[in-house]
Amino acid sequence: MRKALLSLVIAAAVAGCQQSDDPNKQSEQAVAAKSGEQANQLPETAESQQDETKRLTEWFDAKFEEKLQFSPIQLSYLGRKEQYDKIDDMTKAADERELAWKKATVEEMKKQFDYDKLSAEGKESYDLWIQQYEQEKANQPFADHSYFASELGGPEAQLPTFMINQHKVETEQDMRDYIARIGGISTALGQLLERAQGSAKKGIRPPQFAYDLAIERAQKVTTGQPFSDGEDAPLMGDAKKKIAALKEAGTIDDATAKELQEQVAEALTSKMKPSYDAYIAWLKEDRVNADEEPRGVSNLPDGDSYYANRLAHYTTLPMTADEVHQLGLDEVARIRKEMEAIKDQVEFDGDLQEFFTYIRTDDKFYYPNTDEGRKEYLEEVEGYLADIEAKLPEYFGILPKADLVVKRVEPFREVPGGAQHYSSATPDGSRPGTYYVHMSDMSALSKADMETVTYHEGNPGHHMQISIAQELENIPQFRTQAHFTPYIEGWALYSEKLSKEMGQFKDPYRDFGRLTAEMWRAIRLVVDTGMHAKGWSQEQAVEYFLENSAIPEGAVRSEVRRYLTYPGQATSYKIGMLKIEELRANAEKELGDQFDIRAFHDTVLGGGALPLPLLEKRVNAWVESVKN
């Protein structure tokens, strides 16, 4: 599946991490003040750097506009309506064309710009553009290794979800574009099916459970009106709401509303349904060829090389599977000691394993599996977000402007025990950021964990980092879309621990939940490498998880299935967190009394999503600037 189909996280960069009295304006004021003082005193070399960097930024912005035209889906994620009636070309040939374009831009950039004449920010952007190309180039030999579906989802659910949440309908033409896109979904799913079939011919298939999940999700999308009796199918229901809103606003009349609704039904039955039927039919037919007992990707053709590629992609560091595995073992041992301390604090009578069982099974740690229980869970989450928001100015100079909402995952893509996740706002804030919660099985949502996940997905985690990145100005636009998982997920995990520093986690059981979440990410280093590089079975991974954490078994099994179908990705969280903690500790040591936590955070966030070596270079440069 093309990268545009995944949940798009948006990142950006801007210079400036000085302090001011107004935390919301500190970066802008600091830069403006400095510019005002030195406007007429810049040495010729600095002026030359500014000119060359400005020229490069203009070039980047032009190239980024070219790049966006490859992906109508990404344009819509950004709140733009160009190619609003289209869905991305999902063929391998389209991926190859885009990579060839990127290669040509790198060659052009090297010819047209003098790296030594760029400012520090200009050099960072230059390096990042090359890094993104090199990463895509390294991934190309393994284009057939990506599974068509995973525990986290597949095109059968992600395409309808995109239509429901990203395709805004404000005019009659928007609705007609929506109808055209239903046909685009049909084409795209057919292209992705062809790619899945090509992979299968090479012996590359996900485990059987991934087939089962994909079949179930696809059937949910094509069940109900207009496909069958009953309630409206997801897209039919969504289209009706959007048409009704147009009618209520006076944008269309009754006759047009009726016509549009009939056209939606026709597109769903004549275009989308056949493609879904073909997809489901092949899944059912090919399922018997997949492994009933899941195995890691080392069992695939050239699987060891593929997993090494995944680790390099998701850590942005030259770490081997053995190194990642050992780091996980060390972190698990360290965190267990902190867990023991909390167990003793609450005077629990039993060993740590018994304490895990207590937290995992006692009813007091769960809301009832009812609509009222779900409502109470979401209300408590909103309370935590309100608490932490009031404290943000003490730790950050730059603050997000975009709103954040908390929602239950749509029923057609909901998975019992599924991972909670975040979907970004539009850069202009017209669509808020959304924190999604799988709530079909409330026994998989422990009260001990919920505070931690709230800070991870909301503030100061994903919502804050991604929104700030999108809202920063005067930087190359391509950086607003840079996506490096260890930075993004490492920041969110760092935010969990930072929230304790900010005065949250007053309840020791919730603090134990924080440690459980950190342990969860440490365990990932062990079990991901265990299954994909060391021959661990699914049950070995589940057993290791349960022995070292209080995470509910339903969530554990969903997590392990996720790692099996999304190799390497889960290692990024802990790797990224440890790097950010290392950079902070070094800055505190080097700067002593000069260390400012707001300036440090603004430096990290002010660069947008970066590969970890570039992040380290950025922070180290800030440390030197403060010292001098």
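The values are calculated or read from the model by the stated rules, or taken from the named source; none is laboratory data. Remember, it's a predicted structure, so these values are computed and weren't measured experimentally. Every residue, glycine among them, receives a Cβ derived from its backbone with ideal geometry; neighbour counts consider all protein chains shown.
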Quick one: in the range 241-255, which of the residues that are surrounded by fewer than 18 Cβ atoms within 10 Å (Cβ to Cβ) and either charged (D, E, K, R) or in contact (Cβ under 8 Å) with a residue 24 or more places away in the chain (or both) is nearest to GLN166 (Cα to Cα)? LYS241
Does any residue of the range 376-385 turn out to be farther than 18 Å from GLU451 by Cα, crowded, with 18+ Cβ neighbours inside 10 Å and hydrophobic (A, V, I, L, M, F, W, C)? no
Conditions (1) within 30 Å of LEU472 (Cα to Cα); (2) touching a Leu at 6+ places or on another chain (Cβ under 9 Å); (3) of a type in the set (Gly, Ala, Ser); number of the one not met by ALA321: (1)
Would you point out the residue of the range 426-449, among those that are of a type in the set (A, V, I, L, M, F, W, C) and crowded, with 21+ Cβ neighbours inside 10 Å, that is nearest to GLU471 (Cα to Cα)? VAL437
Unmet requirement for TYR544, which otherwise passes all of (1) of a type outside the set (A, V, I, L, M); (2) under 30 Å from GLN353 (Cα atoms); (3) surrounded by 24 or more Cβ atoms within 10 Å (Cβ to Cβ): (3)
When you go through (1) touching a residue at least 24 places away in the same chain (Cβ under 8 Å); (2) surrounded by fewer than 21 Cβ atoms within 10 Å (Cβ to Cβ); (3) not in a helix (DSSP H, G or I) one by one for SER228, which number turns out not to apply? (1)
Those residues of the range 256-270 which are among the hydroxyl-bearing types (Ser, Thr, Tyr) and either buried (at least 19 other Cβ atoms within 10 Å of the Cβ) or closer than 19 Å to THR171 by Cα (or both) amount to THR256
When the range 433-460 is examined, which residues are found to be among the acidic types (Asp, Glu), over 14 Å from the mean Cα position of the chain (by Cα) and not in a loop (DSSP other than H, G, I, E, B)? ASP449, GLU451
How do the pairs read when you match residues in the range 43-60 that are within 9 Å of LYS117 (Cα to Cα) with residues anywhere that are surrounded by fewer than 15 Cβ atoms within 10 Å (Cβ to Cβ) and at pLDDT 80 or above, using Cβ under 7 Å and keeping only pairs 6 or more apart or on different chains? GLU52/ASP114
All-but-one check, GLU624 against (1) crowded, with 24+ Cβ neighbours inside 10 Å; (2) farther than 27 Å from ALA522 by Cβ; (3) not aliphatic (A, V, I, L, M), failing number (1)
Out of the range 410-426, which residues are aliphatic (A, V, I, L, M) and within 26 Å of ALA609 (Cα to Cα)? ALA419, ALA425
Looking at ALA609, ALA570, ALA585, can you tell me which residue is surrounded by fewer than 22 Cβ atoms within 10 Å (Cβ to Cβ) and among the small types (Gly, Ala, Ser)? ALA585
Here's a check for you: in the range 501-535, which residue that is surrounded by fewer than 21 Cβ atoms within 10 Å (Cβ to Cβ) and not in a helix (DSSP H, G or I) is nearest to the chain's Cα centre (by Cα)? MET502
Confirm whether HIS438 is closer than 19 Å to GLU496 by Cα, touching a strand residue (DSSP E or B) at 6+ places or on another chain (Cβ under 9 Å) and assigned by TED's automatic domain parsing to the domain that holds ASP511. no
Please go through the range 461-482 and pick out each residue that is part of a loop (DSSP other than H, G, I, E, B) and either farther than 17 Å from LYS574 by Cα or among the hydrophobic types (A, V, I, L, M, F, W, C) (or both). LEU472, GLU473, ASN474, ILE475, PRO476, ALA482
Here is a list of conditions, (1) assigned to a helix (DSSP H, G or I); (2) among the acidic types (Asp, Glu); (3) surrounded by fewer than 17 Cβ atoms within 10 Å (Cβ to Cβ), and ASP238 meets all of them except one; can you say which number that is? (3)
Give the residue that is farthest from LEU498 (Cα to Cα), with candidates limited to residues of the range 364-398 that are part of a helix (DSSP H, G or I) and of a type in the set (Val, Ile, Thr). VAL381
When residues of the range 294-317 are limited to those that are modelled with pLDDT of 95 or more and not in a helix (DSSP H, G or I), the one surrounded by the fewest Cβ atoms within 10 Å (Cβ to Cβ): PRO301
Evaluate the following for GLY397: is it surrounded by 18 or more Cβ atoms within 10 Å (Cβ to Cβ) and either at pLDDT below 95 or in the same structural domain as ARG557 (by TED's automatic domain parsing) (or both)? yes
